[in-house]
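Asks: Here it is: the structure, laid out below.
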Amino acid sequence: MSIEQRNVVVCPSCGTENIEGVDTCEHCTMDLRSIDVPESSQVVSGSDLSSPVSSVRLSRPHTVLATQTVREAIAAMKSDPTAAVVVMDGTTVAGIFTDRDVMIRVAGRPGVMEQPVARFMTPDPVVMRDDDMMAVALNKMGDGGFRHLPVMRGGELVGMITVRDVMNWVLGRYFD
């Protein structure tokens, strides 16, 4: 395995080195999203976890507009094996609407099916860049309890990485 330069974010609060791309410090949970100047560190480049997210067979993202109804979003989810849709405001990712949102925010509430999905989505979702390392995806999924992460390239939605995608990737790497 070769060693290459990789970027880490050092938490200004506690000094812990965090994987580039994480939203909060793993030690003190300080918000790191506003820190944009990573420091250099050494990471083993031969590790599978340094593979980019784009090396995974990403799920095709299903999208709905923020103005579409909850009924329309659920109908789109039925045709999607990931059980999630990305909610768009024009070309911008406004949120994500998952089966979890249906169970927590919609189920059992009368009269919500014709309301805009934007009222029930998870706004401003955590997203991945297609060149982020798999280690970052695993970190974000594990720390945030996320099962779906939209994947962006140059500000454009290009895929969705799911827990199932990650499991298939792991199984393919280590159990084939």
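Asks: Do we find a residue being under 26 Å from M30 (Cβ atoms), within 15 Å of the chain's Cα centre (by Cα) and either surrounded by fewer than 15 Cβ atoms within 10 Å (Cβ to Cβ) or in the same structural domain as N7 (by TED's automatic domain parsing) (or both) anywhere in the range 145-153?
Replies: Yes; the residues of the range 145-153 include at least one that is under 26 Å from M30 (Cβ atoms), within 15 Å of the chain's Cα centre (by Cα) and either surrounded by fewer than 15 Cβ atoms within 10 Å (Cβ to Cβ) or in the same structural domain as N7 (by TED's automatic domain parsing) (or both).
Asks: A follow-up question, please. Surrounded by fewer than 13 Cβ atoms within 10 Å (Cβ to Cβ), within 22 Å of M167 (Cβ to Cβ) and at pLDDT below 95 - does that describe any residue in the range 6-18?
Replies: no
Asks: Name the one entry in V102, V112, V85 that is in contact with a helix residue (DSSP H, G or I) (Cβ under 8 Å, 6 or more places away or on another chain), of a type in the set (A, V, I, L, M, F, W, C) and assigned to a strand (DSSP E or B).
Replies: It is V85.
Asks: Quickly run through the range 50-68 and pick out the residues that are over 24 Å from R164 (Cβ atoms) and crowded, with 18+ Cβ neighbours inside 10 Å.
Replies: If the condition is that a residue be over 24 Å from R164 (Cβ atoms) and crowded, with 18+ Cβ neighbours inside 10 Å, then A66, Q68 are the ones that fit.
To keep it simple, each residue is scored yes or no on (1) modelled with pLDDT under 90; (2) surrounded by 13 or more Cβ atoms within 10 Å (Cβ to Cβ); (3) touching a strand residue (DSSP E or B) at 6+ places or on another chain (Cβ under 6 Å).
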site	(1), (2), (3)
T122	no, yes, yes
D143	yes, yes, no
E156	no, no, no
I161	no, yes, yes
F175	yes, no, no
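Asks: Restricting to the range 20-49, and then to whatever is part of a strand (DSSP E or B) and either of a type in the set (G, A, S) or modelled with pLDDT under 80 (or both), can you tell me which residue is surrounded by the most Cβ atoms within 10 Å (Cβ to Cβ)?
Replies: V43
Asks: Within the range 112-144, can you find the residues that are farther than 19 Å from V70 by Cβ and within 8 Å of the chain's Cα centre (by Cα)?
Replies: Within the range 112-144, V126, V127, M128, A137, K140, M141 meet the criteria.
Asks: Restricting attention to the range 100-120, report how many residues are surrounded by 15 or more Cβ atoms within 10 Å (Cβ to Cβ) and of a type in the set (D, E, K, R).
Replies: Within the range 100-120, residues that are surrounded by 15 or more Cβ atoms within 10 Å (Cβ to Cβ) and of a type in the set (D, E, K, R) number 3.
Asks: Could you list all residues from the range 75-87 that are more than 15 Å from R147 (Cα to Cα) and buried (at least 19 other Cβ atoms within 10 Å of the Cβ)?
Replies: V87
The values are calculated or read from the model by the stated rules, or taken from the named source; none is laboratory data. This one's a predicted model, so the numbers in the text were calculated from it and none came from an experiment. Positions of Cβ are generated from backbone atoms using ideal geometry, with glycine treated the same way; all protein chains shown enter the neighbour counts.
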